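Here's the structure, in structure tokens; my notes come after.
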Amino acid sequence: MYEISFQTLSDRLFKDTPWPSVDAVAHYVDNDQVFCLLYREMWFRHLYARLSPTLKQRIDSWDNYCSLFQVVLHRVVNMQLPNQWLWDMVDEFVYQFQSFCQYRAKMKNKTEQEIALLRQFDQAWNVYGVLNYLQAFVEKSNIIQILEQEKEGIEQFTATDGYDYSGGSNVLKVLGYFSMVGLLRVHCLLGDYQTGLKCLLPIDINQQGVYTSVIGSHITTIYHYGFASLMMRRYVKAIREFNKMLLYIYKTKQYHQKSPQYEQILKKNEQMYALLAICLSLCPQTKLVEETVNSQLREKYGEKMARMQRYDDEAFAIYDELFSYACPKFITPSAPSFEEPLVNYNQDAYRLQLKLFLYEVKQQQLLSGVRTFLKVYSTISLGKLANYMEVDEPTLRTILFSYKHKTHAVDSDGKIISNADVDFYIDDDMIHVVESKPVKRFGDYFLRQIVK
């Protein structure tokens with residue numbers, strides 16, 4: 001009923017009006033507190049999706065989440081809820097927080113009443129409150145220990161999709177599990193990629209897990225994981241994950257056409273192709289990308305990717321355009337200062353992340369020149385390469401150092417990994433190039449021909 005009837009009824013009866021208020025339905029369910037809280041959670045979600053909520057409604061929705069989460073955290077909850085719903089709850093909670101921060105940051109056209117409300121309810125959608133609830137779910141549900149024990153074969157969390165078949169409730173455990181994805185997303189919105197990836201560590205994204213049982217959670221996890229890895233220069237990891245996810249969407253998207261998430265799936269699909277184009281332009285690793293994904297990528301961004309290889313303003317503008325299209329909607333979580341003139345600061349966080357990203361691109365673009373020359377030679381003297389690049393030898397040495405630095409990244413275990421497709425070492429003023437030979441894969445090619 002949650003996944004199908006609620007959508008069908010919404011389309012039929014409440015296309016552009018809210019559902020009946022909780023007071024109108026409470027007496028049909030004996031004023032059951034938990035039912036009313038869950039009903040209101042869906043009521044607000046429908047309101048956000050179909051209409052635009054007023055400030056008062058945004059604050060009421062926060063209060064409702066607080067009451068609902070208090071019940072789950074501090075009382076004995078004995079019901080089972082669909083994983084899809086529990087994911088939607090965490091997803092919507094983070095989305096409404098993001099939406100509130102964006103709304104509050106546009107201070108210019110606010111009425112006196114709205115400003116008074118913002119001052120009165122200054123704790124609503126407070127960033128610490130949001131992080132604390134998500135963190136509390138992770139801790140109270142013991143989900144990290146459960147996943148550890150699962151690796152040792154003691155627990156059966158993933159095998160049962162998080163549902164508790166022995167009659168217990170799945171609500172707290174699964175909310176704890178999805179909250180780790182929620183935390184990754186919030187930290188990405190705040191621009192703290194390291195903490196975000198740390199929050200996701202207990203979930204092994206190389207395995208099937210409960211996060212893959214709900215398509216929305218699967219996409220959100222990989223999108224934010226890939227984006228955070230991109231911003232931390234772990235390009236190889238990002239390329240691997242985007243490739244797997246895009247292949248998965250390509251194969252399964254026809255099953256989700258009826259789903260209310262379908263538009264969201266398509267949008268994230270496009271954004272991940274744009275991020276993949278950025279990763280491959282900064283770190284050419286085409287052998288990590290499947291044929292199907294590669295041909296889709298060439299179709300969408302082939303021409304742009306060719307232009308991104310150059311070192312000029314046009315290439316720079318394309319990086320800017322793709323990043324702006326595909327990045328999360330960054331937020332400034334702090335409240336405005338009401339004493340000073342009111343300004344719109346909703347773009348500030350995004351501008352800062354864009355600036356940092358383009359600064360990195362500028363440094364990387366210097367290196368694509370070195371890469372081009374190194375690909376041609378197996379050995380070349382420093383003097384000769386310096387001549388080609390029209391710089392003196394000391395400058396060339398710093399460029400080569402910088403190439404080494406920029407093609408290595410620190411992964412989550414603190415190990416240093418190389419992203420380079422062309423590596424080299426210097427011995428007595430001679431540069432020796434070590435090129436990795438790609439393994440030829442014939443399987444893909446034959447399969448495609450057989451299908452034809």
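The values are calculated or read from the model by the stated rules, or taken from the named source; none is laboratory data. Quantities reported herein were computed from a predicted structural model and do not represent experimental measurements. No Cβ is skipped: glycine too gets one built from the backbone with ideal geometry, and neighbour counts run over all protein chains shown. Quick note on the areas: whole protein, heavy atoms, side chains included, nothing else; ligands and nucleic acids left out. Shrake-Rupley method; radii C 1.70, N 1.55, O 1.52, S 1.80 Å.
Okay, here's what the table says:
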read-out: Residue 156-residue 299 pseudo-label distance in nm [points 7 Å out on the Cα-to-Cβ vector]; value: 4.3 nm
read-out: Residue 62 - accessible surface, heavy atoms, 1.4 Å probe, Å² rounded to 10; value: 20 Å²
read-out: Debye, to nearest 20: dipole size of segment 377-448, +1 on Lys, Arg Cβ, -1 on Asp, Glu Cβ; value: 440 debye
read-out: Heavy-atom SASA rank of 99, 166 (probe 1.4 Å, accessible area, largest first); value: 166, 99
read-out: 12 Å beta-carbon shell around residue 143, net charge (K/R +1, D/E -1); value: -2
read-out: The chain: angle of helix 348-376 to the longest principal axis, Cα-based, in degrees nearest 10; value: 30 degrees
read-out: Net +/- balance of residues flanking residue 78 in space, Cβ distance below 15 Å, scoring K and R +1, D and E -1; value: 0
read-out: Protein-only accessible surface order, largest first, of 76, 174, 22 at 1.4 Å; value: 76, 22, 174
read-out: Nearest 10 degrees, 0 to 90: helix 83-105 Cα axis against the chain principal axis; value: 80 degrees
read-out: Computed Kirkwood radius, in angstrom, where 1/r is averaged over Cα pairs of segment 108-231; value: 16.0 Å
read-out: Compactness index (Cα Rg / 2.2 N^0.38 Å), the chain; value: 1.12
read-out: Rel. contact order, % - alpha carbon contacts under 8 angstrom, at least six apart, segment 1-210; value: 21 percent
read-out: Distance from segment 363-427 to segment 227-260 (C-alpha centre basis), Å; value: 30 Å
read-out: Reach of residue 355 by Cα under 16 Å, taken over lysines that are not fewer than 8 positions away in the same chain; value: 329
read-out: Label-point separation in nm, residue 258 to residue 444, each point 7 Å along Cα→Cβ; value: 3.4 nm
read-out: Dimensions (Å) - segment 306-418, Cα atoms, principal axes, largest first; value: 63, 37, 26
read-out: Label zone at residue 22, where the point sits 7 Å out along the Cα-to-Cβ direction: segment 64-84 residues whose backbone N lies under 12 Å; value: 64-71
read-out: Distant-in-sequence amide H partners of residue 155 (H built 1.01 Å from N, under 5 Å); value: 150
read-out: With DNA, RNA and ligands ignored, accessible area of residue 131 (1.4 Å probe; Å², nearest 10); value: 40 Å²
read-out: Mean separation of Cα contacts under 8 Å, 6 or more apart, over the residue count of segment 74-188: relative contact order %; value: 45 percent
read-out: Estimated [θ] at 222 nm from DSSP helical runs (n ≥ 4, -39500 (n - 2.57)) normalised by residues in the chain, nearest 500; value: -20500 deg cm²/dmol
read-out: The chain: angle of helix 235-252 to the longest principal axis, Cα-based, in degrees nearest 10; value: 60 degrees
read-out: Above-threshold pairs, the threshold being 19 Å between Cα atoms, out of 151/173; 244/287; 244/404; value: 244/404
read-out: With every protein chain in place, the chain: carbon and sulfur % of accessible area (1.4 Å); value: 54 percent
read-out: Computed FRET value (nearest 0.05) for residue 316 with residue 164, which takes r as the C-beta separation and R₀ as 51 Å; value: 0.45
read-out: Sparsely packed trypsin sites (Lys or Arg not before Pro) within segment 202-273, loop by DSSP, other Cβ within 10 Å at most 13; value: 258
read-out: Kirkwood-type radius of segment 377-448, with distances r between different C-alpha atoms, in Å; value: 14.6 Å
read-out: Efficiency of FRET between residue 338 and residue 379 - r from beta-carbon atoms, R0 51 angstrom, step 0.05; value: 0.15
read-out: Peptide ranges 102-109, 180-187, 117-124 listed from the most packed, as the mean C-beta count within 10 angstrom indicates; value: 180-187, 102-109, 117-124
read-out: Computed lengthening from residue 325 to residue 31, 0.36 nm per intervening residue step minus Cα-Cα distance; value: 101.3 nm
read-out: Table column - 3J(HN,Hα) (Hz), segment 412-427, Karplus curve with 6.51, -1.76, 1.60, x for Gly and Pro; value: 5, 8, x, 7, 8, 10, 9, 9, 6, 8, 10, 10, 8, 9, 10, 9
read-out: Whole-number D in µm² s⁻¹ for segment 186-303, Kirkwood Cα-pair radius fed into Stokes-Einstein, 25 °C, 0.890 mPa s; value: 168 µm²/s
read-out: Point-charge dipole on Cβ atoms (K/R +1, D/E -1) for the chain, about Cα centre, debye to 20; value: 960 debye
read-out: Potential lengthening between residue 149 and residue 362 on full extension [0.36 nm per residue; Cα-Cα distance subtracted]; value: 72.1 nm
read-out: Relative contact order (%) - the chain, alpha-carbon pairs under 8 angstrom, separation at least six; value: 14 percent
read-out: Exposure of residue 446 as accessible area (Å², to 10), given a probe of 1.4 Å and all protein chains; value: 120 Å²
read-out: Principal axis dimensions, segment 1-210 - Cα atoms, whole angstrom, descending; value: 58, 44, 30
